[in-house]
Amino acid sequence: MTSNPGVTLSDLNARVLAACADLARLTEVPGTTTRPYLCPSTRDVHAFLFGWAARLGLSVRVDAVGNLRARREGPAPDAPTLYVGSHIDTVPNAGAFDGVLGVLLAFALAEAVQERPLPFALELVAFSEEEGVRYGVPFIGSRALTGTADDLLGLTDAEGQTVADAIMAFGLNPDHLPDARVHGQSLGFLEFHIEQGPVLQAAGAALGVVSAIVGQNRVLLDFTGQASHAGTTPMAHRKDALAAAARFVVAAEELARSTPGLVATVGIMHARPGAINIVPGEVHCTLDLRHPDDAVRLEKLHGLLEGAQHFAAERGVTLTVSPMMGEDATPMDAGLRDLLHRAAGAEGAAHPELVSGAGHDAMILATVMPAAMLFIRSPNALSHHPDEMVNSDDVEAALRVGVRFLDVLAQEVGA
Ligand code: GLV
Ligand code: MN
Ligand code: MN
């Protein structure tokens, strides 16, 4: 079965944007886009992608962690593979483009070159998990391709369900994890993604080539004091867990404001027991810390956690710190970046380089193959928010550059 042979890049762009809007309605929370790892609406996204892949005559499978993988074989069984993709999970109340746009552009790209011979195989990947919302740890999807997901299977979500439970509830088998690994020769991984920040908009550029992805740490902090009566417990007698945690939040903000390149976020804070007339006895909160320079990030993390211990101790509160993940800054592959620059130049598109402050599947794939990213301008610099947006012309430009990238790569591989 083939797709429409006369399809133009402009048709494909329109289809990608319409699909972003349609897939944004596949959600666990009506009226929002909320699609955590392996939630039921993931099946509907898969069904859409299965349909597109079938029209292109691609072979499709869903691997053991729920990544959908659509494959166009190469000219020979030992031909190398180019992987193209992004993720289909979302943060709560997300926009319509983070992750999904990159997946749909991968499918559009495959359709655009459907009639052309390529000296390599093409594998389109819709990663099932990148955000780290359900289990606190991101990249479950891409880690399966690099063979580093096994130690994530025992993580539990807020309901106490493990990753392995979630996989089985979705009808998949965690024992099949080894089959999810990439095998054979890999040419590289290409990910299209919205920038999610202001850099390209300020530069007046539709597209940008990612030079590196910043390193990050995610940490859980549990402050334990003593819940007690708000009226009868004198200030000097209190063990107020929330007061200690609040000092920590402000210290993190002040440190990040005064350290160039550092961003610090406390995105979750639960205080218990949570009544207006009870001194808070327990606080659970998170820290997300990022910087392009690993040495700076680790030094600042150490200082912040020392400060948190101090804020706790001065109130008779104890603090338990649980590291959830640490990922070093990851440069993108020089060779693939050069191909993206050449492709963008040939299309007459500006192609500045920029650092990604967001984490991406490309940083995991980069541990086993060359990886590169093409960013698409975020006109309102907003992401992880329903008002996330893109310009239609920018998405079409990304598609054009993607097609040109495949041409240049095909020449290099064929040469
Ligand atoms: C993913 O969006 C992240 O960088 O947190
Ligand atoms: Mn993303
Ligand atoms: Mn995201």
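Values in this text are rule-based calculations from the coordinates and carry no lab data. Bear in mind the structure is a predicted one, so any value in this text is a computation, not a measurement. Methodologically, a virtual Cβ is constructed for each residue, glycine included, from the backbone with ideal geometry; neighbour enumeration extends over all protein chains shown.
Points to keep in mind about this one:
- Gain on full stretching of the segment that runs from Ala76 to Thr259 - 0.36 nm per residue minus C-alpha separation: 60.7 nm
- Ellipsoid equivalent to the range 325-385 - semi-axes via the Cα gyration tensor, in Å: 21, 19, 8
- Asn391/Ile276 FRET efficiency (R0 51 Å; Cβ-Cβ; nearest 0.05): 0.60
- Calculated FRET efficiency for the pair Phe50/Asp157, C-beta based, R₀ 30 Å, to 0.05: 0.70
- For the range 296-312, 3J(HN,Hα) per residue [Karplus equation, 6.51 cos²θ - 1.76 cosθ + 1.60, θ = phi - 60°, Hz, x = Gly/Pro]: 5, 4, 5, 5, 5, 4, 4, x, 5, 6, 5, x, 4, 4, 5, 4, 5
- Choice from Ala243, Ala343, Ala372 showing the highest fluctuation, given a GNM over the chain with Cα pairs closer than 10 Å: Ala243
- Choice from Thr232, Thr265, Thr34 showing the highest fluctuation, given a GNM over the chain with Cα pairs closer than 10 Å: Thr232
- Here, the range 152-303 yields an orientationally averaged convex hull projection of 14.8 nm² when only Cα atoms define the hull.
- Using the Cα coordinates of the range 94-205, the gyration tensor eigenvalues translate into equivalent-ellipsoid semi-axes of 28, 22, 12 Å, sorted from longest to shortest.
- Segment His176-Ala381, length gained on full extension (0.36 nm per residue, minus Cα span): 69.8 nm
- Positive-end extreme of charge dipole, the chain - chosen from Gly261, Val163, Gly31 (charges on Cβ): Gly31
- P(r) of the range 215-327 over all Cα-Cα pairs, binned every 5 Å from zero, in whole percent: 2, 13, 23, 22, 16, 11, 7, 4, 2, 0
- The ellipsoid equivalent to the alpha-carbon distribution of the range 341-415 has semi-axes of 24, 18, 10 angstrom, derived from the gyration tensor eigenvalues as √(5λ) and listed largest first.
- Placing +1 on each Lys and Arg Cβ and -1 on each Asp and Glu Cβ, with no other charges, gives the chain a dipole about its Cα centre of roughly 400 debye.
- Residues of the range 37-52 falling in the label zone of Ser322, defined by backbone nitrogen less than 20 Å from a point 7 Å along Cα to beta-carbon, are 37.
- Compactness of the chain - radius of gyration and Dmax, Cα, Å: 22.8, 81
- Amide hydrogen neighbours beyond the local backbone of Asp98, cut-off 5 Å, H modeled: none
- Virtual spin-label span in nm between Ser10 and Gln201, 7 Å along Cα→Cβ: 2.7 nm
- R0 of 25 Å, Cβ-Cβ distance His341-Arg116: FRET efficiency to nearest 0.05: 0.70
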